[in-house]
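Novice: Before I ask anything, let me first share the structure, which is written out below as structure tokens.
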Protein chains: 2
Amino acid sequence: MTGAIAYISRDSDGPPWKAVLEAGLGPVDFRPLGALGRLEDIEVALAWKPPPGLIATFPNLKLIVSLGMGVDHLLADDRLPAGVPIVRIMDEGLVGQMSEYALFWALRHHRDIDKYAASQRARRWRPEPFVDTLHRRVGVMGLGAIGQDVARKFALLGFPVAGWSRTPRTLDGIEVFAGRDRLGTFLGRSDILVDVLPLTRDTRGLLDAAAFAALPRGAYFINIARGGHVVDEALLAALDSGQLAGAALDVANTEPLPADHPFWTHDRIALTPHIAGATNPRTASPAVIENIRRRRAGLPLLHQVDPQAGY
Amino acid sequence: MTGAIAYISRDSDGPPWKAVLEAGLGPVDFRPLGALGRLEDIEVALAWKPPPGLIATFPNLKLIVSLGMGVDHLLADDRLPAGVPIVRIMDEGLVGQMSEYALFWALRHHRDIDKYAASQRARRWRPEPFVDTLHRRVGVMGLGAIGQDVARKFALLGFPVAGWSRTPRTLDGIEVFAGRDRLGTFLGRSDILVDVLPLTRDTRGLLDAAAFAALPRGAYFINIARGGHVVDEALLAALDSGQLAGAALDVANTEPLPADHPFWTHDRIALTPHIAGATNPRTASPAVIENIRRRRAGLPLLHQVDPQAGY
């Protein structure tokens, strides 16, 4: 198995990916989208939001690599070949960026930066009342690689941190709430809520009016996961009523967000274009190379996706 | 020695300080500014920006406690009684807040938040070019308790960190530059410069035109130390020329900053009113209580200040 590697993405990272793969594997027959050549040659597909049905046209495909840590973009293709294993990247660079992004918006809320910016505009030297970090409880939804890193870094800064996950886990210094039954209790103690869940059947629309109502009044919401978790109208209502103090959204139900969507102009929403974590070929490639080697040698794969669970 | 404790500060923290001291010491004869009573009774002075000459009027004073980690506010009083030891608070809560503040502004610069805010106003979904955390070198000036915490937390987030201090030190994972001779080299590799130095004879005006010119072009400056380190005109010129991309200033040469000062309205300056770290009686009191006990028992003190060195 030393066939071609297809790069199925509209991003411009093709050349860097070719370079890092060749550094580990030697010369690679690298085929970007639009120059796939003979489809029979393709044995590995690196994919980010592939056109539905395309991957099914590779008759000799042996491995699918999701270029994002989430795989909903891939599983949305209902014609994926059933027998081909899917692995996802595990990118410590991307994980660290996600944590940076969450910390940034949490600190902005925690330290009243918007009020200080207003004071600066008014040339007013006025300290705001101080909130002890110990009283700002952070809740992290999703405790995979990203959620664990986010939780750990908030804890290192002195915030009380809890996490919520589908199945029970033990994490040093982090209170873990597991299962749908415990969601309300978890939300009720989360002054800052960070969403890093995968998008699955179980999590689509999870953050609805009831979920936002379960948060403490004046909570802050950070979504670095998927827009599909959020019922947009419920989020807007919670912001407008003051139930939520604000939200930082890196993702949306439709991306790019349509120009007429109310998120763009809401004064309590900070919006960024899905940049919280960018896959970095430098940090993501070692596990991809290892998985290609393992697949060639018939060994068990790393970070393999369970299509039934959806992650 | 169980005399009165004077609280010499215009801040409103008097009642919390009385409560935390009594929790450790039992009933305390606590005398706020304006109700000092018989000056002969005062044996301990907790002080923040004391009126010059006031402390010299306490004939039986045994201990001066600076309510800030910096002591320039106290040493500015040239009538301090020479034989009375000075200790400063060592407040892990305050230290953590300083790090939070520095991280916030560094991440804002690192993650191009201002550009994303402009894109949101324009309803434009456009990722900015990505800068790897490994290529954003952080430099921390001053490696006392605060500087060490700041440096350690930046390093935990994956930034390459160096520190500069008066005397050589060894810190795990942090490259240390010591002494005036190494200042230019240190500045030349600092894409983000965080100032946490004490204000002394040696550091006043240290950040002048030559220092800003020594930074890499487009560097970002964060001052959580003292405004007296900065030559304001040199900072403004470095911002206007693009040598500096921006500055976050929590301190100023004159505080409150006069309403006509150009820092208020400069579009590359974020200004906050000396709130990066607030002394928190909860976290600061244990060492204060311990020092009062030690002074009563004639034992060596913690965190004692060297008035000659200025910190």
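The values are calculated or read from the model by the stated rules, or taken from the named source; none is laboratory data. Small disclaimer: the values here were computed from a predicted structure and weren't measured. Please note: Cβ atoms are built from the backbone with ideal geometry, for glycine as well, and neighbour counts cover all protein chains shown. Heavy atoms of the whole protein, side chains included, go into the accessibility calculation; ligands, DNA and RNA do not. Shrake-Rupley method; radii C 1.70, N 1.55, O 1.52, S 1.80 Å.
Novice: What is the set of long-range amide H partners of A:W164 at a cut-off below 5 Å, with H atoms built 1.01 Å from backbone N?
Specialist: A:V140, A:M141, A:G142, A:F177
Novice: For region A:11-23, what does the Karplus curve 6.51 cos²θ - 1.76 cosθ + 1.60, with θ = phi - 60°, yield as ³J(HN,Hα) per residue in whole Hz, taken in order and with x for Gly and Pro?
Specialist: Values, residue by residue: 6, 8, 7, x, x, x, 4, 4, 5, 6, 5, 5, 4 Hz.
Novice: When only the heavy atoms of the protein chains count and the probe is 1.4 Å, how do A:H135, B:H303, A:H266 rank by accessible area, highest first? Present the calculation step by step, with values, prior to reporting the outcome.
Specialist: Details: A:H135 125, B:H303 70, A:H266 30 Å².
So the residues, ranked largest to smallest area, are A:H135, B:H303, A:H266.
Novice: Quick one: 3J(HN,Hα) in Hz for region A:283-294, Karplus 6.51/-1.76/1.60 with θ = phi - 60°, rounded, Gly and Pro as x.
Specialist: 8, 8, 5, x, 6, 5, 4, 4, 5, 5, 4, 4
Novice: Next question. Could you state the accessible area per residue of region B:1-113 in Å², with a 1.4 Å probe and every protein chain left in place? Please list the in-between numbers first.
Specialist: Numbers: 4230 Å² over 113 residues.
Result: 37 Å² per residue.
Novice: Then there is this: Of all the Cα-Cα pairs you can form in region B:140-297, what percent are over 18 Å apart? The partial results should precede the final answer.
Specialist: Working: 7609 of 12403 pairs.
When all Cα pairs of region B:140-297 are counted, 61 percent exceed 18 Å.
Novice: Treating only the Cβ of Lys, Arg, Asp and Glu as charged (+1, +1, -1, -1), what charge dipole size does region B:185-311 show about its Cα centre? Round to the nearest 20 debye. Spell out each step's value before the answer.
Specialist: On the way: 11 positive and 13 negative charges, 167 e Å.
Result for region B:185-311 is approximately 800 debye, rounded to the nearest 20.
Novice: Residue by residue through A:122-129, how many Cβ atoms from other chains fall within 10 Å of the Cβ on average? Write out the running numbers ahead of the final one.
Specialist: Working: counts 2, 10, 4, 12, 3, 6, 3, 1.
Mean shielding count: 5.
Novice: Taking a label point 7 Å from Cα toward Cβ, how far is B:L299 from its twins in the other copies, in nm, shortest first?
Specialist: So the label point of B:L299 gives 5.7 nm to the other copies.
Novice: Still on this structure, I have one more. If A:D306, A:D132 are ordered by their accessible area, calculated over protein heavy atoms with a 1.4 Å probe, which sequence runs from highest to lowest? Display every interim value, and only then the final one.
Specialist: Details: A:D306 70, A:D132 20 Å².
From most exposed to least exposed: A:D306, A:D132.
Novice: I've got another one for you. Going down the table (A:K18/B:K115; A:K18/A:K49; A:K115/B:K49; B:K18/B:K62; A:K153/B:K153), which pairs top 21 Å between alpha carbons? Mind showing how you got there, number by number?
Specialist: Values: A:K18/B:K115 30 Å; A:K18/A:K49 19 Å; A:K115/B:K49 26 Å; B:K18/B:K62 19 Å; A:K153/B:K153 9 Å.
Table pairs above 21 Å Cα-Cα are A:K18/B:K115; A:K115/B:K49.
Novice: Out of all DSSP beta bridges with both ends in chain A, state the antiparallel percent to the nearest 5. Don't skip to the answer; put the middle values down first.
Specialist: Details: 2 of 42 bridges.
Beta bridges within chain A, antiparallel portion: roughly 5 percent.
Novice: So which residues of region B:263-287 lose at least 50 Å² of accessible area, probe 1.4 Å, when you go from the chain by itself to every protein chain present?
Specialist: B:W264, B:P273, B:I275, B:R282
Novice: Antiparallel DSSP bridges in the protein assembly as shown: what percent, to the nearest 5? Mind dumping the intermediate values first?
Specialist: Numbers: 4 of 84 bridges.
The antiparallel fraction comes to roughly 5 percent.
Novice: Using the Kirkwood radius over C-alpha pairs as Rh, can you work out the diffusion coefficient of chain A via Stokes-Einstein at 20 °C, viscosity 1.002 mPa s, in µm² per second?
Specialist: Numbers: Rh = 20.9 Å.
This corresponds to a translational diffusion coefficient of 103 µm²/s.
Novice: While we're on this one: Per DSSP H run of n ≥ 4, the term is -39500 (n - 2.57); total these for the protein assembly as shown, divide by its residue number, and report the mean residue ellipticity at 222 nm rounded to 500 deg cm²/dmol. Don't skip to the end; give the middle numbers.
Specialist: Working: 18 runs with 188 residues, N = 622.
My calculation for the protein assembly as shown gives -9000 deg cm²/dmol from helical runs alone.
Novice: Hey, what's the Cα Rg ratio for region A:83-204 versus the globular rule of thumb, 2.2 N^0.38 Å?
Specialist: Numbers: Rg = 17.0 Å, N = 122, 2.2 N^0.38 = 13.7 Å.
This ratio for region A:83-204 stands at 1.25.
Novice: Filter the GluC sites (Glu not before Pro) in region B:15-117 down to the DSSP loop ones having no more than 15 other Cβ atoms within 10 Å, then list what survives.
Specialist: Answer in residue order: no site qualifies.
Novice: Mind checking the alpha-carbon convex hull of region A:65-151 and giving the volume per residue in Å³?
Specialist: Numbers: hull volume 11.6 nm³, N = 87.
Spelled out: Cα convex hull of region A:65-151, divided by residues, is 134 Å³.
Novice: Across region B:259-276, in residue order, what do the Karplus-derived ³J(HN,Hα) couplings come to in whole Hz, using 6.51 cos²θ - 1.76 cosθ + 1.60 with θ = phi - 60° and x for Gly and Pro?
Specialist: So the Karplus estimates, Gly and Pro as x, are 4, 9, 6, x, 4, 4, 10, 5, 6, 9, 10, 9, 10, 10, x, 6, 10, 4 Hz.
Novice: With every protein chain in place, what's the accessible area of B:M90 (1.4 Å probe, Å², nearest 10)?
Specialist: Rounded to the nearest 10, that gives 50 Å².
Novice: Using a 1.4 Å probe on the heavy atoms of the protein chains only, list every residue of region A:138-171 that has 10 Å² or more less accessible area in the complete assembly than in its chain alone.
Specialist: Buried on complex formation: A:K153, A:L156, A:L157.
Novice: According to the Cα gyration tensor, what semi-axes, each the square root of 5 times an eigenvalue, does the equivalent ellipsoid of region B:43-110 have, listed from largest to smallest in whole Å?
Specialist: Values: eigenvalues 210, 29, 11 Å².
Gyration-tensor ellipsoid for region B:43-110: 32, 12, 8 Å.
Novice: Express the Stokes-Einstein translational diffusion coefficient of region A:183-226 in µm² s⁻¹, to the nearest whole number, given a Kirkwood radius over alpha-carbon pairs, 25 °C and a viscosity of 0.890 mPa s.
Specialist: On the way: Rh = 10.8 Å.
Approximately 227 µm²/s, per Stokes-Einstein.
Novice: Going by a 1.4 Å probe on protein heavy atoms, which residues of region A:100-117 end up with at least 50 Å² less accessible surface in the whole assembly than in their chain alone?
Specialist: A:E100, A:F104, A:L107, A:R111, A:I113, A:Y116
Novice: So how much accessible surface do A and B hide from each other in total, probe 1.4 Å, in square angstrom to the nearest 100?
Specialist: On the way: alone 15010 and 15020 Å², together 25750 Å².
Summing both sides, the interface buries roughly 4300 Å².
Novice: Starting from the eigenvalues of the Cα gyration tensor, five times each then square-rooted, give me the equivalent ellipsoid semi-axes of region A:1-150, largest first, whole Å. Don't jump to the answer; show the numbers that get you there.
Specialist: Values: eigenvalues 403, 56, 39 Å².
Over the Cα atoms of region A:1-150, the ellipsoid semi-axes are 45, 17, 14 Å.
Novice: If Lys and Arg each add +1 and Asp and Glu each add -1, what is the summed charge of the other residues whose beta carbon sits under 13 Å from the beta carbon of A:W48? Provide the component values of the computation, followed by the final result.
Specialist: Details: positive: A:R10, A:K49, A:R88; negative: A:D11, A:D13, A:D72, A:D77, A:D91, A:E255.
Result for the neighbourhood of A:W48: -3.
Novice: Another one. If you line up the Cα atoms of the protein assembly as shown on their principal axes, what length do they span on each, largest first, in Å?
Specialist: Cα extents, longest axis first: 94, 55, 47 Å.
Novice: With unit charges on the beta carbons (Lys and Arg positive, Asp and Glu negative) and the dipole taken about the Cα centre of region B:1-139, which residue among B:F104, B:G3, B:P51 sits farthest to the positive side?
Specialist: Final value for the positive-end residue is B:F104.
Novice: Ordering B:K153, B:K18 by how much accessible area each has at a 1.4 Å probe, largest first, what is the list?
Specialist: Numbers: B:K153 15, B:K18 75 Å².
Ranked from most to least accessible, the order is B:K18, B:K153.
Novice: May I pose another question? Counting only residues 5 or more places away or on other chains, whose amide H sits under 5 Å from the amide H of A:F221 once H atoms are built in the peptide plane?
Specialist: The answer is A:L193, A:G246, A:A247, A:A248.
Novice: Which whole-angstrom value gives the distance between the alpha carbon centres of region B:216-281 and region A:263-311?
Specialist: Region B:216-281 and region A:263-311 have Cα centres separated by 39 Å.
Novice: For region B:93-271, which whole percent of the accessible surface, found with a 1.4 angstrom probe, sits on carbon and sulfur atoms?
Specialist: 50 percent
Novice: Averaged per residue, what accessible surface does region A:222-280 expose to a 1.4 Å probe, in Å²?
Specialist: On the way: 1910 Å² over 59 residues.
In whole numbers, region A:222-280 has 32 Å² accessible per residue.
Novice: Could you state the number of Å between the C-alpha centres of region B:3-42 and region A:101-172?
Specialist: So the two Cα centres are separated by 34 Å.
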